[in-house]
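The structure appears below as C-alpha cells.
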Amino acid sequence: NGKLNIFAGDPEKIISSILKNSNVKCVSWNRLYDPYSIKRDTIIKSIVTSSKIECDSHNGYLLNEPWNIKNKSGTFFKVFTPYWRHCDELLKLKDIKFKNTKISYANSKFKNEITIQDLNLTNKKEQWIKKIEKYWIPGESNAKLQLKKYISEKANNYSIGRDRPDKNLTSKLSPYLHFGEISVLEVYDKVNNEKKINPENKKKFLAELGWRDFSYNLLFHYPDMTQKPIQTKFNKFPWIKNAKNLSLWHNGKTGIPIVDAGMRQLYKTGWMHNRVRMIVGSFLTKNLLLHWKNGEEWFFDTLVDADVGSNSAGWQWISGCGADASPYFRIFNPILQGQKFDPDGDYVKEFVPELNNIPKKYIHNPWEMSMEDQKKYNFEIGTSYPLPIVDLKETRNRALSAFKTIS
Ligand code: FAD
C-alpha cells in the first residue's frame, strides 16, 4: 500500500527541490560503479550533506566493492583467478543474513510529480516489447522463482549447461541481477548453501558471479574501458569499417549458422547464451575485423541484461584487448564450436529455420552440401540460406597478420 513518487529530469534539481520542500530525514540509496552513476551520485551526496541531511548508501549490486579488494602489493587485481580466490575467501567468512524490512512510504504529493505512463517508456518500442514479453516476466518474485528453479532443476548440470546453448541449463538471472530485482549476495548465498548441488557445478556457477564482480572491478579502475581498450597497444589496431558486413551480422545473415542463430536469438528474445556471445564476438572482431565497439553498442541496445560493466568487459575479453582477456590470436572456429556445443544442431534450427530440413552433418557448414544433396533436401545454398560472407580460413590469417602489426 505504499506509494512511489516519480520524477523526470535533472536528478540534482529534482532532489534539491524535494529537500527544500519537504521534511526529509535521510536519503538512502544503493551504490553503482560505472563512471556516469558515480559522478551523479557524488553530486547528489554533496547536495544532501550540504543540506545537513543524513546520507545512507549501501552495496546492493556487487558481492565485493572494488575498493575493498586489493592484492598483496596493495593494488587492484588485473587477473581473474587470484581475484576470485581472494573474494571467495572473504565471502566465505562473511555472516550473510537477510532481513525482510518493510519500508513505510510517505504519502506525499509533490509539485513536479509525474506518473509512470508520463515516462512513455513503452509506446515507441511497442512491437519490440510484445516480442520480448513472451520470454521474460520482470519483478522480484519472478527473480526469486527463477533462482529456485535454477537450484532445483539446472544447477547440477551447470558445468555442461554453461557451454551448451542447445540446453536450457543456465540460470537466466542476468536481467534480474542487472535491474536489482534480486541481490547477487542472495544468489551467491542460496547456491553456496544448497547441499544438493555438487561441488564442481557450485564452484563453476559461483565463479561466474565472480566474473560479474570482476567486470566492475575493472570498470572502476579503468573508467574509460567502455570506450578505450585496456591494453593500449590496441589503440593502433587496424580495424576495418564495413557497414554491409556489420548489418549482416546484426541481422543474423552472415551465412555462418551458429553466428546467425545467436544474433537472431538476441534480437528475438533479448538474450544470448554466453558461449554464443563469445562465438559471435570472435567472428565480428576477428573474422570480420570490425571494431569491438560495434559489437558492444549493438549488444547494449538489444540485450535485456545490457550492463555497462559486464558488456564492455565481455567485449574487451573476446576481442583480446582487455585485462586477463582471451588472447587475440585465439580465434574461434565457428564451425567447430557449433559442432562441439550444438552437436545435433537443435539450437541453430530453433533460430535459423531455413536449415530445419538439412541433414545434421551439414547444419554447421551447409555450403559443403553436394548439389545432389541440396536437390534431395530441397535446399539451395545462396538462395535458401546465404553463403558465408567471408572465408573463415582467409580471414583468420588476415586477423593474425593484423595482430602482428601491434604486437
Ligand atoms: P549464468 O551462466 O547462469 O551465470 C549466472 C550469472 O553470473 C549471470 O546472470 C551473470 O550475472 C553472471 N555471469 C555469467 N557469466 C558472466 C560473464 N562472462 N561475465 C560477467 N558476468 C557473468 N552479462 C550481462 O549481465 N550483461 C551484459 O551486457 C553482458 N554482455 C556480454 C558481452 C559479451 C561479448 C560476453 C562474452 C559476455 C557478456 N555477458 C554479459 C556475460 C554473460 O554472457 C551473461 O551474464 C550470461 O550469459 C547471462 O546468462 P545467465 O544469467 O543464464 O548466466
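Only the coordinates and a few stated rules stand behind these numbers; no lab work does. Computed from a predicted structure; not experimentally measured. Heads up, the Cβs are rebuilt from the backbone with ideal geometry, glycines too, and the neighbour counts pull from every protein chain shown.
For Lys148, the aspartates and glutamates whose Cα comes closer than 17 Å to its Cα, not counting residues fewer than 8 places off in the same chain, are Glu140, Glu181, Glu186, Asp189, Glu194. Loop-located chymotrypsin sites (Phe, Trp or Tyr not before Pro) in the stretch 270-348 (DSSP state other than H, G, I, E, B) with a sparse environment of at most 14 neighbouring Cβ atoms within 10 Å: Phe329.
Remark on Trp29: its backbone amide H falls under 5 Å from those of Asp56, Ser57, His58, a criterion applied only to residues 5 or more positions apart or on other chains, H modelled at 1.01 Å from N. Applying a DSSP loop filter and a limit of 14 other Cβ atoms within 10 Å to the chymotrypsin sites (Phe, Trp or Tyr not before Pro) in the stretch 90-146 leaves Phe98, Tyr105, Phe110, Tyr135. Since only Pro359, Asn333, Gly314 are under comparison, the one whose Cα sits farthest along the positive direction of the charge dipole of the stretch 310-368, derived from C-beta charges on Lys, Arg, Asp and Glu, is Asn333.
Close amide H partners of Tyr385, meaning residues 5 or more places away or on another chain with modelled amide H under 5 Å apart, are Glu380. Oblate is the label for the stretch 163-212, because the ratio a/c of its alpha-carbon gyration tensor axes (a ≥ b ≥ c) is 1.5 or higher and a/b is not greater than b/c.
Remark on the stretch 27-168: ratio of C-alpha radius of gyration to 2.2 N^0.38 Å is 1.45. Once the convex hull of all Cα atoms in the stretch 334-407 is built, its volume per residue stands at 102 Å³.
Determine the percent antiparallel among the DSSP beta bridges restricted to the chain, to the nearest 5. If we restrict to bridges inside the chain, about 10 percent are antiparallel.
Rounded if a/c is under 1.5, else prolate if a/b is larger than b/c, else oblate: which is the stretch 88-203, with a ≥ b ≥ c the root eigenvalues of its Cα gyration tensor? Here the stretch 88-203 falls in the oblate category. For the set Lys154/Lys202; Lys92/Lys144; Lys78/Lys202; Lys20/Lys111; Lys45/Lys94; Lys99/Lys144, the pairs lying more than 18 angstrom apart at their alpha carbons are Lys92/Lys144; Lys78/Lys202; Lys45/Lys94.
Over the chain, dividing the summed -39,500 (n - 2.57) contributions of all DSSP H runs of at least 4 residues by the number of residues returns a 222 nm mean residue ellipticity of -13500 deg cm²/dmol. For the pair the stretch 114-176 and the stretch 290-334, the centres of their Cα atoms are 21 angstrom apart. Among the trypsin sites (Lys or Arg not before Pro) within the stretch 307-407, those in coil by DSSP and having at most 11 neighbouring Cβ atoms inside 10 Å are Arg330. Derived from the Cα gyration tensor, the three semi-axes of the equivalent ellipsoid of the chain are 41, 25, 23 Å, largest first. Pairs exceeding a 32 Å alpha-carbon distance, out of Lys244/Lys349; Lys244/Lys375; Lys340/Lys376; Lys109/Lys172: Lys109/Lys172. Computed over the stretch 155-249, the Cα gyration tensor eigenvalues convert (square root of 5λ each) into semi-axes of 33, 19, 13 Å, ordered from largest to smallest.
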